[in-house]
Amino acid sequence: MKLDRRGGEPAPLHAPPGAGSRGASPLAVDLCGVRLPTPVLAASGCFGFGREMAGFVDLAGIGAVVTKSVSLEPRRGRPTPRVTETPSGMLNAIGLQNPGVEAFCAVDLPFLAEAGARVVASVVGRSADEFGRVAARLAAEPAVRLLEVNLSCPNVEHRGEVFATDPEAAAAVIRTVKSAAGVPVLAKLTADVTDLVAVARAVVDAGADGLTLINTLLGMAVDTKRRRPRLAAVTGGLSGPAIRPVAVRCVWQVATAMPGVPIVATGGVVTAEDAAEFLLVGATAVAVGTASFVDPRAVVEVADGLAGYLRAQGVATVGDLPALFKPGR
Amino acid sequence: MKLDRRGGEPAPLHAPPGAGSRGASPLAVDLCGVRLPTPVLAASGCFGFGREMAGFVDLAGIGAVVTKSVSLEPRRGRPTPRVTETPSGMLNAIGLQNPGVEAFCAVDLPFLAEAGARVVASVVGRSADEFGRVAARLAAEPAVRLLEVNLSCPNVEHRGEVFATDPEAAAAVIRTVKSAAGVPVLAKLTADVTDLVAVARAVVDAGADGLTLINTLLGMAVDTKRRRPRLAAVTGGLSGPAIRPVAVRCVWQVATAMPGVPIVATGGVVTAEDAAEFLLVGATAVAVGTASFVDPRAVVEVADGLAGYLRAQGVATVGDLPALFKPGR
Amino acid sequence: MSGPVRERCQVLGQGRSGVYHTLTVAAPRVATASRAGQFLAVLPGTDHTFRLRRPFSVHRVGRSGGTPATVEFSFAVLGPGTQALAALREGEELDVLGPLGRPFRPPATPTACLLVGGGYGAAPLFLLSEELRARGCRVDLLTGAATAERLFKPAESAAVGDSLTITTDDGSAGRRGVVTDAMPALLASAGGTVVYACGPMAMLAAVARTAAAAGVACQVAVEEQMACGTGICFSCVVPLFDGAPGVTRMARTCIEGPVFDGAAVAWAELGLGELTP
Amino acid sequence: MSGPVRERCQVLGQGRSGVYHTLTVAAPRVATASRAGQFLAVLPGTDHTFRLRRPFSVHRVGRSGGTPATVEFSFAVLGPGTQALAALREGEELDVLGPLGRPFRPPATPTACLLVGGGYGAAPLFLLSEELRARGCRVDLLTGAATAERLFKPAESAAVGDSLTITTDDGSAGRRGVVTDAMPALLASAGGTVVYACGPMAMLAAVARTAAAAGVACQVAVEEQMACGTGICFSCVVPLFDGAPGVTRMARTCIEGPVFDGAAVAWAELGLGELTP
Ligand SMILES: Cc1cc2nc3c(=O)[nH]c(=O)nc-3n(C[C@H](O)[C@H](O)[C@H](O)COP(=O)(O)OP(=O)(O)OC[C@H]3O[C@@H](n4cnc5c(N)ncnc54)[C@H](O)[C@@H]3O)c2cc1C
Ligand SMILES: Cc1cc2nc3c(=O)[nH]c(=O)nc-3n(C[C@H](O)[C@H](O)[C@H](O)COP(=O)(O)OP(=O)(O)OC[C@H]3O[C@@H](n4cnc5c(N)ncnc54)[C@H](O)[C@@H]3O)c2cc1C
Ligand SMILES: Cc1cc2nc3c(=O)[nH]c(=O)nc-3n(C[C@H](O)[C@H](O)[C@H](O)COP(=O)(O)O)c2cc1C
Ligand SMILES: Cc1cc2nc3c(=O)[nH]c(=O)nc-3n(C[C@H](O)[C@H](O)[C@H](O)COP(=O)(O)O)c2cc1C
Ligand code: FES
Ligand code: FES
């Protein structure tokens, strides 16, 4: 188990309603050395920078806030329409709109820190070098507990190929980030690859402390009346319950192939049962994405529901779940 | 345009209700030299061997019947449960149960031929050699108009890796099939790859006359009460509307990269609008899979709906659709 | 018996007994063709959501002026499908495909029949009893469940056959125990020659074994996860001994079943765990 | 004005006028907080299906004993979401999140206001007129649509302001033409100093241009595809001139809007095609 560099100043633990004392909290987990009160995080890009949700949830009470991905310079993002609904899901092509790392550190991060949120800062870049510079800047902020490296974006130095589809390119980014930043690093991967385990091994070998699985699947939808794509960007990322079976399979494959590597699972979590699917197949935590658009309190409600699920199943803590999964018949 | 080897004996054309004379039929398409009355096929594994559907649809009236995949020897398939519902879709792990190519040719094919169905025989094998032997046997049957090569199955000679995830292995199968069989060949690919266009190029270079895109996505679902996988086989193939955005993206990517290669699109087609999405982005035909489980007449109803869609859009024939698609804003 | 049809049916009413709901729908064509042991595949929810059909045994057929006009099926609420069905109100529509599968086969000549149901497995036995009694058969009904609450319509069951025996695992109603505990005595006293059973797979395995031990023929209606109900998906298979001894083949329960000869099912291959008869 | 809340509301009734449905729901907290120009994000369908919320302008607020008790919103049936809403009956539940966004800002002192609505864009103007008239403003209502059928509640509109002008593209009701054809005369005669507009983006661009040409302030309520309505998804942006001249930034319409200063929106960047004012 790795030690959090701020191990001496533990984040205040906000026990979920009904949970016991610190040691006995059934929901508390250790994610790459960072203790979280619940294993339910807000997923990147689906919780803004936290500020907008402060009226709906106690930011200090949720597992952690993964921020919208932050780049070196501000980004305007894509033209609209940027989203469209699909069966049990949605497509988005936001284009990583964000204010840039300096504005993030000046404006958004202090708000999150003040609110008592555990912050996982999501890093994005067009090259390994840009990733490194953003990571270094973010890791210099004490409020940043973990970095999540969003590798599902185009590598401008390599024909625009997505970093996470190439084990070499993904590993290079992780190496750069790790040498630039002293905080634990999660590598966020895409399922749109032939061999996810190979990419996962490459980034873990390169120093990633954990993995976030999975980002959106690449998809497209057509407005048949207007005979044009529904998104201005033509293609976009598919999220929501529709992709959950793919995400569960990915987490299961990687957890089985690489036991002991912490995994934050994301993809279609709406209910506590959905979260339990991921925790049973080996995830350490789950991140709720699209569901927050429908229910701003989804992150809290999934955590509360998990506590109920554990009680109903007679299981002491979330950490016990993987051992109770019976893959054989 | 390639010539059908049985070009002299055209299949009877069953015009859809309201369609005009043969030449003017708005729905008729040419698929790799085979003329089909409608561009709506029954997808492999989702129409049995046609017999069961004869009470619901006129088999001669639908675009074509793609048979359940046929192997050299009979296969028992997987233990049950083999299916489970998921959000807007389902997972299946049937395990390619089929009676083997000899029984198929003796029992199932004559029924389909008798019923006037245009038959696309789906071929599966554990090695390139097995594919070749099955293909040769099937192509010897005059009732078989096209072969569809199901490359989404494990290659026993290569650590059980799925043929369609490896351009080399996929191309080797297609070469073997093409040299064994004198009928046009569709290569059916999976979207679970990093670079679908690379696999598509490899199989077309190896002689495939067209492509079928996409097979199911690999997925998994967990019964959280019993804490075990919902499928006996643990993982299975995700189909239904949930995967449609992924399928549309795949067809669009390949059609754009390889114009002129006929594509049979499959993945989540339930309504005529769904079919139109695929035809607009460049598919020559669509295959209806999971939807037939809900509505045994889905193949017919999608075709009828397409005729209505064309009328509403003021488009003369389905073949005109791709040119009317406006990808730019 | 004609082929299955799809009817968009009007819901005539929804009843409740213990944990079971019973829906009555107007479906003259389905009703006319339905025989006991066959099932309906109904589509829960609205047109805008994708859902698979859910299979339910035909529970009863209602007549209007002598002709079959309505069908009833019963269900326990489990997941989203049965939840949507439980919410249906009179006058709403339900998309029904049926009747599907092969029915129970009546004996060639009138004889005493023992009908064994577990939980909602007793539902098709109501229609079966009607058919058998119309042919002059004596019917003994044996119905069991884990608890009294999960017994299928125990009050109405009394009039279904010529006798009624109830068992519950916990003894909260009828005799404490499982249906197979009560079978030998019933077979002996009635001199029954055919057993008809429907219920959970483990129960059916035990019933089939008990019937075989007593030297009595046995038909079972099995239940496997189904995606289509029409024979095209190959999801619903059970291993059947069929042809060469010791050799099984995977048969689709939706079109070759759900009713099979109890001796033909290769119960041991199903992985049901310990089977206590 | 307090923050948005989520209420599971009882449907009190559903009305119909032309192509538009109007739903009235009991939502005391939402009603109390709602101001004209704000919107509701409502969840169509059942719990078991995933759907995004749909945004609708607050059309009217109803009072019970003097306190706000109900909200109304109006919609045209388009896709699955509005189809499900159109099927809601009295007594059923609807999950409502609101009020969202920033409302129209009333003028500092009473003045003549021209309210311009296109299609269902006229819906929020009903509440706006109430607010403005309560502050002593004169209200001229100008409402347009492609055809008479798509005019928003033309009969009720007469009582909304101090005057009513109607345009339709095809002349099937009111004056033939578009709303901007009628704007100059209305601005001149009433001596209006503020224009408030809601409708399709291309109409808003034209209204903003016309108001600017007349030297009149203009607030527009824009409409972009929204996934969350709460500011967390960044889907609903419009380019705003804001700060350095000629430089735009992408502002989220769900929390910074939907009401913006018509002169601040960078209409030309929206790719609306030819804009005929
Ligand atoms: C031939 C046959 C007859 C049946 N008759 C009855 C009956 O009369 N009364 C009754 O209460 N139940 C009956 N069942 C079981 C019934 O179909 C399931 O309980 C029901 O489908 C559950 O749907 P759900 O959406 O509530 O649950 P979920 O578990 O959410 O269903 C998800 C999927 O699994 C399938 N499924 C779940 N449980 C079963 C099961 N036990 N068997 C087959 N498929 C299942 C559903 O059809 C659906 O596709 C029968 C099943 C079969 C195969
Ligand atoms: C601030 C705001 C206020 C609105 N007020 C009204 C109103 O008062 N009355 C009214 O009839 N309509 C209004 N709309 C448009 C309305 O939200 C859409 O017509 C509705 O969401 C369509 O849903 P659907 O499921 O029927 O259609 P679909 O097209 O199937 O919807 C699919 C998805 O696209 C979104 N969407 C579709 N059209 C629009 C649109 N024009 N704007 C934003 N999102 C859209 C839906 O919310 C949904 O997520 C408003 C939109 C916004 C942004
Ligand atoms: C609108 C939207 C924006 C997103 N933005 C980001 C992002 O900036 N960085 C990132 O790593 N993932 C982003 N994601 C992906 C989510 O974090 C998550 O991995 C994915 O949506 C799957 O989870 P879900 O199904 O719960 O939404 C975004 C997703 C959505 C829907
Ligand atoms: C139950 C089931 C069985 C299938 N069997 C086969 C098969 O034998 N061979 C094959 O190539 N594809 C098979 N498929 C894949 C379908 O042909 C189709 O490619 C896929 O399901 C996506 O289309 P859909 O969403 O319309 O079902 C099967 C799919 C299902 C659901
Ligand atoms: S349920 Fe599909 S074959 Fe039986
Ligand atoms: S709709 Fe999500 S940010 Fe505005």
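Summary of values
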item: Filter pass, A:A171 being surrounded by fewer than 24 Cβ atoms within 10 Å (Cβ to Cβ) and over 30 Å from B:F163 (Cβ atoms); result: no
item: Residue satisfying all of: in region D:185-199; surrounded by 13 or more Cβ atoms within 10 Å (Cβ to Cβ) and outside any strand (DSSP E or B); nearest to the chain's Cα centre (by Cα) among these; result: D:G199
item: Residue in region D:211-228 that is farthest from ligand 4 (Cβ to nearest atom), counting only those that are surrounded by fewer than 21 Cβ atoms within 10 Å (Cβ to Cβ) and farther than 24 Å from A:R82 by Cα; result: D:G215
item: Some residue of region C:240-258 being part of a strand (DSSP E or B), of a type in the set (K, R) and within 13 Å of chain B (Cβ to nearest Cβ); result: yes
item: Residue check, A:G328 more than 21 Å from B:A242 (Cα to Cα), modelled with pLDDT under 95 and more than 12 Å from ligand 3 (Cβ to nearest atom); result: yes
item: Meets criteria (more than 16 Å from ligand 4 (Cβ to nearest atom), touching a residue at least 40 places away in the same chain (Cβ under 8 Å) and surrounded by 23 or more Cβ atoms within 10 Å (Cβ to Cβ)) for A:L238; result: no
item: Output for region B:252-269, where each listed residue is among the hydrophobic types (A, V, I, L, M, F, W, C) and more than 12 Å from ligand 4 (Cβ to nearest atom); result: B:W252, B:V254, B:A255, B:A257, B:M258, B:V261, B:I263
item: Residue identified as touching a residue at least 12 places away in the same chain (Cβ under 8 Å) and within 13 Å of chain B (Cβ to nearest Cβ) among A:V193, A:V204, A:V183; result: A:V193
item: Cβ-Cβ under 8 Å pairs, at least 6 apart or on other chains, region B:80-105 side more than 7 Å from every other protein chain (Cβ to nearest Cβ) and at negative phi, far side assigned to a strand (DSSP E or B) and among the charged types (D, E, K, R); result: B:N98/B:R75
item: Long-range neighbours under 7 Å by Cβ, at least six apart or interchain, first residue over 27 Å from C:D95 (Cα atoms) within region C:214-237, second more than 16 Å from ligand 6 (Cβ to nearest atom) and hydroxyl-bearing (S, T, Y); result: C:V216/C:T193; C:A217/C:T193; C:Q219/C:Y196
item: Long-range neighbours under 7 Å by Cβ, at least six apart or interchain, first residue more than 14 Å from chain D (Cβ to nearest Cβ) within region C:72-83, second more than 16 Å from ligand 4 (Cβ to nearest atom) and among the β-branched types (V, I, T); result: C:E72/C:T22; C:E72/C:T24; C:F73/C:V58; C:S74/C:T22; C:F75/C:T82; C:A76/C:V19; C:A76/C:T82
item: Filter result (within 16 Å of ligand 4 (Cβ to nearest atom) and not small (G, A, S)) within region A:68-112; result: A:T86, A:P87
item: Considering residues of region A:271-281 that are crowded, with 24+ Cβ neighbours inside 10 Å and of a type outside the set (D, E, K, R) only, the residue nearest to A:Y309 (Cα to Cα); result: A:A276
item: Subset of region C:151-161 [over 15 Å from the mean Cα position of the chain (by Cα) and buried (at least 18 other Cβ atoms within 10 Å of the Cβ)]; result: C:P154, C:G161
item: Residue pairs meeting the criteria (Cβ under 8 Å; at least 6 apart or on separate chains; first facing another protein chain (nearest Cβ under 8 Å), in region A:274-299; second of a type in the set (K, R) and within 16 Å of ligand 1 (Cβ to nearest atom)); result: A:E277/A:R244; A:L280/B:R227
item: Scan of region A:154-171 for residues that are modelled with pLDDT of 85 or more and assigned to a loop (DSSP other than H, G, I, E, B), ordered by number; result: A:D166
item: Given (1) out of contact with any Ser or Thr (no Cβ under 9 Å at 6 or more places or on another chain); (2) within 30 Å of B:A139 (Cβ to Cβ), index of the condition B:T256 fails; result: (2)
item: Lone qualifier among B:R51, B:R35 - being touching an Asp or Glu at 6+ places or on another chain (Cβ under 9 Å) and within 11 Å of another protein chain (Cβ to nearest Cβ); result: B:R51
item: Subset tally (residues that are in contact with a strand residue (DSSP E or B) (Cβ under 8 Å, 6 or more places away or on another chain) and more than 11 Å from chain A (Cβ to nearest Cβ)) for region D:211-239; result: 8
item: Matching residues, region A:222-251, being facing chain B (nearest Cβ under 7 Å) and either hydroxyl-bearing (S, T, Y) or farther than 18 Å from A:L280 by Cβ (or both); result: A:V222, A:T224, A:R227, A:R228, A:P229, A:A232, A:V234, A:T235, A:L238, A:A242
item: Filter pass, A:K188 being away from ligand 2 (no atom under 16 Å from the Cβ), basic (K, R), farther than 30 Å from B:A276 by Cα and in a strand (DSSP E or B); result: yes
item: Selection within region B:154-168 - crowded, with 21+ Cβ neighbours inside 10 Å and either more than 18 Å from B:I214 (Cβ to Cβ) or away from every other protein chain (no Cβ under 11 Å) (or both); result: B:N155, B:F163
item: Residue match in region B:135-150 (condition: of a type outside the set (S, T, N, Q), in a helix (DSSP H, G or I) and surrounded by 24 or more Cβ atoms within 10 Å (Cβ to Cβ)); result: yes
item: Entirely in region B:243-329, the helices (runs of 4 or more DSSP H) that have 3 or more residues that are within 17 Å of A:R227 (Cα to Cα) and more than 15 Å from the chain's Cα centre (by Cα); result: B:244-257, B:272-280, B:298-313
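Here is a yes/no grid of residues against (1) in contact with a Leu (Cβ under 6 Å, 6 or more places away or on another chain); (2) farther than 24 Å from C:C198 by Cβ:
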| site | (1), (2) |
| --- | --- |
| C:Q14 | yes, no |
| C:S17 | no, no |
| C:A27 | no, no |
| C:T49 | no, yes |
| C:S74 | no, no |
| C:V96 | yes, no |
| C:P103 | no, no |
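The values are calculated or read from the model by the stated rules, or taken from the named source; none is laboratory data. Quick caveat, the model's predicted, so the values are computed rather than measured. For neighbour counting, all protein chains shown are included, and Cβ atoms are generated from backbone atoms with ideal geometry for every residue, glycine included.
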